[in-house]
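This report refers to the structure that appears directly beneath it.
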């Protein structure tokens, strides 16, 4: 099994790197998912409301949004692996404080430090993917890495909820703290620090090298003579740009603005789903904790399949000269997710709802890998860290707003019809921006090719000195 997985990922060295990056995102998502998994005993023990529960995620994401610009600059200018290891160690310490918190205020304060540490993960992981893997396979690699995000959230909901029921709501936090500290040590020892600009890429074993060594989308666009936008070609030295200069530049990229908004809306919905899915199933279907854990498993598997399929499908379409696939695939995926979630929320039979929820989760997750690859396509490589930090700020702001918005709407509707009905109505209301998100992404088809050509014409950065080989 281990050998087959390594072969699927392109060899043991690549497999180790991909798995480590996936575990980083898994822990990030697992911590947020744990809040949802232990929601019932946590609310009962501390005497808090849905809105107060949502505030945990809001504070963590909000602080992360403030810290992300610093993380982006460091990701472009320092040894990224060491930075990631240090922030994950801080992350683990914050979870220890949360697990030992004596009251609501202490637990809320622990989320502040946690949010600052989590902010570094997005820019660093994106920058490492860009430098370690060839452009022609980035959507697929993003699919593997983002699978960790889903697996972490799923395990948190399934295992975290059961552990909280058997022991205490504090136990999952302390368990994640131990895993985080072990991951920090492993990254420090085993993860390579690549040279910037692609000189340290890890090619796949065997005959895949020829197929993934170049970027077929960029090659096709340039071969067809698509001109760059001369007014927006990066001519300044990117190493001398301040964060705010870099932020203005990446936000001036029309496709990038659309992709950032689309990603933020997707995570807004996912953050609410992650926080309240377990409570919704418990209240709406009158299921026990153990049965709910079983129900969540196929939904999580659907999301994992969607993530892997979305990345592979996009790369295949690009190889067949569908150069806009990295924006059209997520557009259709978001719209399909909204359409599929709707009957799942309306029908009263749990097993029929499960089918629609699984398909909806598959489509929702399929949007993320091509979006990640598309963002790298349209931004000069020397600005990847800062560009991802800008995106992280807006994503974390959306994740901060998601749980508290879902909780507020659920509390308002629940005051009339009961808690379970309130959560169902909140999810129904939030399907509207998810559907519009797919329509918004279709606009990016008009600008994507020009922005790819513009990024290709950018001035490269001077090669920075790396701390590690």
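Check the range 87-99 and report whether any residue there is within 22 Å of residue 397 (Cβ to Cβ), at pLDDT 80 or above and within 19 Å of the chain's Cα centre (by Cα).
The answer is yes; a qualifying residue exists.
Within the group 117, 171, 93, 89, which residue is surrounded by 19 or more Cβ atoms within 10 Å (Cβ to Cβ) and in a helix (DSSP H, G or I)?
Numbers: 171 fails: surrounded by 19 or more Cβ atoms within 10 Å (Cβ to Cβ); 93 fails: surrounded by 19 or more Cβ atoms within 10 Å (Cβ to Cβ); 89 fails: surrounded by 19 or more Cβ atoms within 10 Å (Cβ to Cβ).
Selected residue: 117, the only one of 117, 171, 93, 89 that is surrounded by 19 or more Cβ atoms within 10 Å (Cβ to Cβ) and in a helix (DSSP H, G or I).
Got at least one residue in the range 418-425 being part of a helix (DSSP H, G or I) and within 21 Å of residue 315 (Cβ to Cβ)?
Checking the range 418-425: not a single residue is part of a helix (DSSP H, G or I) and within 21 Å of residue 315 (Cβ to Cβ).
May I ask you to verify whether residue 67 is in a helix (DSSP H, G or I), at pLDDT below 75 and either touching a strand residue (DSSP E or B) at 6+ places or on another chain (Cβ under 8 Å) or more than 20 Å from residue 175 (Cβ to Cβ) (or both)?
On the way: in a helix (DSSP H, G or I): yes; at pLDDT below 75: no; either touching a strand residue (DSSP E or B) at 6+ places or on another chain (Cβ under 8 Å) or more than 20 Å from residue 175 (Cβ to Cβ) (or both): yes.
Considered against the rule, which asks whether it is in a helix (DSSP H, G or I), at pLDDT below 75 and either touching a strand residue (DSSP E or B) at 6+ places or on another chain (Cβ under 8 Å) or more than 20 Å from residue 175 (Cβ to Cβ) (or both), residue 67 comes out as no.
Considering each of 422, 414, 418 in turn, give the residue that is modelled with pLDDT under 80, over 19 Å from residue 264 (Cα atoms) and surrounded by fewer than 17 Cβ atoms within 10 Å (Cβ to Cβ).
The unique qualifying residue is 418.
Just a yes or no: is a residue in the range 294-307 over 22 Å from the mean Cα position of the chain (by Cα), surrounded by 23 or more Cβ atoms within 10 Å (Cβ to Cβ) and under 26 Å from residue 260 (Cβ atoms)?
no
Modelled with pLDDT under 80, in a helix (DSSP H, G or I) and buried (at least 24 other Cβ atoms within 10 Å of the Cβ): does that describe residue 33?
Judged against the criteria, residue 33 is a match.
Collect the residues in the range 187-214 that are assigned to a helix (DSSP H, G or I), farther than 15 Å from residue 26 by Cα and at pLDDT 75 or above, keeping them in residue-number order.
188, 189, 190
Which condition from (1) without any contact (Cβ under 8 Å) to a residue 40 or more places away in the chain; (2) more than 20 Å from residue 432 (Cβ to Cβ); (3) surrounded by fewer than 19 Cβ atoms within 10 Å (Cβ to Cβ) is the one that residue 350 breaks?
Among (1) without any contact (Cβ under 8 Å) to a residue 40 or more places away in the chain; (2) more than 20 Å from residue 432 (Cβ to Cβ); (3) surrounded by fewer than 19 Cβ atoms within 10 Å (Cβ to Cβ), residue 350 violates only (1).
Among the candidates 310, 266, 290, which residue alone is assigned to a helix (DSSP H, G or I), under 30 Å from residue 38 (Cα atoms), modelled with pLDDT of 85 or more and touching a helix residue (DSSP H, G or I) at 6+ places or on another chain (Cβ under 8 Å)?
Result of the check over 310, 266, 290: 266.
Can you tell me how many residues in the range 313-323 are surrounded by fewer than 19 Cβ atoms within 10 Å (Cβ to Cβ) and either in contact with a helix residue (DSSP H, G or I) (Cβ under 8 Å, 6 or more places away or on another chain) or not in a helix (DSSP H, G or I) (or both)?
Count: 4.
Quick one: which residue in 338, 361, 374 is under 19 Å from the mean Cα position of the chain (by Cα), closer than 27 Å to residue 246 by Cα, crowded, with 21+ Cβ neighbours inside 10 Å and touching a residue at least 12 places away in the same chain (Cβ under 8 Å)?
On inspection, the qualifying residue turns out to be 374.
Within the range 377-391, can you find the residues that are closer than 18 Å to residue 241 by Cβ and part of a helix (DSSP H, G or I)?
Within the range 377-391, the subset closer than 18 Å to residue 241 by Cβ is 378-391.
Hits for the range 377-391 are 378, 381, 382, 383, 384, 385, 386, 387, 388, 389, 390, 391.
Can you pull out every residue in the range 324-335 that is crowded, with 23+ Cβ neighbours inside 10 Å and either at pLDDT below 90 or over 19 Å from the mean Cα position of the chain (by Cα) (or both)?
Residue satisfying the conditions is 325 alone.
Among the residues of the range 224-253, which ones are part of a helix (DSSP H, G or I), at pLDDT 85 or above and surrounded by fewer than 18 Cβ atoms within 10 Å (Cβ to Cβ)?
Step one: of the range 224-253, the residues part of a helix (DSSP H, G or I) are 230-232, 238-240, 243-251.
If we keep only those that are at pLDDT 85 or above too, we end up with 230-232, 243-251.
230, 231, 232, 243, 244, 245, 248, 251 - these are the residues of the range 224-253 that are part of a helix (DSSP H, G or I), at pLDDT 85 or above and surrounded by fewer than 18 Cβ atoms within 10 Å (Cβ to Cβ).
Assuming residue 17 fulfils every condition listed in (1) more than 20 Å from residue 154 (Cα to Cα); (2) surrounded by fewer than 20 Cβ atoms within 10 Å (Cβ to Cβ); (3) modelled with pLDDT of 75 or more apart from one, which condition is it?
Of everything listed in (1) more than 20 Å from residue 154 (Cα to Cα); (2) surrounded by fewer than 20 Cβ atoms within 10 Å (Cβ to Cβ); (3) modelled with pLDDT of 75 or more, residue 17 misses just condition (2).
Per-residue answers, yes or no, for (1) in a helix (DSSP H, G or I); (2) over 28 Å from residue 325 (Cβ atoms); (3) at pLDDT below 90:
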position	(1), (2), (3)
337	yes, no, no
340	yes, no, no
345	yes, yes, yes
348	no, yes, yes
355	yes, no, no
359	yes, no, no
362	yes, no, no
365	yes, no, no
370	yes, no, no
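Mind checking which pairs have a first residue in the range 296-324 that is in contact (Cβ under 8 Å) with a residue 12 or more places away in the chain and on the phi > 0 side of the Ramachandran plot and a second that is assigned to a helix (DSSP H, G or I) and buried (at least 16 other Cβ atoms within 10 Å of the Cβ), Cβ under 9 Å, 6 or more apart or different chains?
321/216; 321/217; 321/220
The values are calculated or read from the model by the stated rules, or taken from the named source; none is laboratory data. All of these numbers come straight from a predicted model, not from anything done at the bench. Virtual Cβ from ideal backbone geometry, glycine too; neighbours counted across all protein chains shown.
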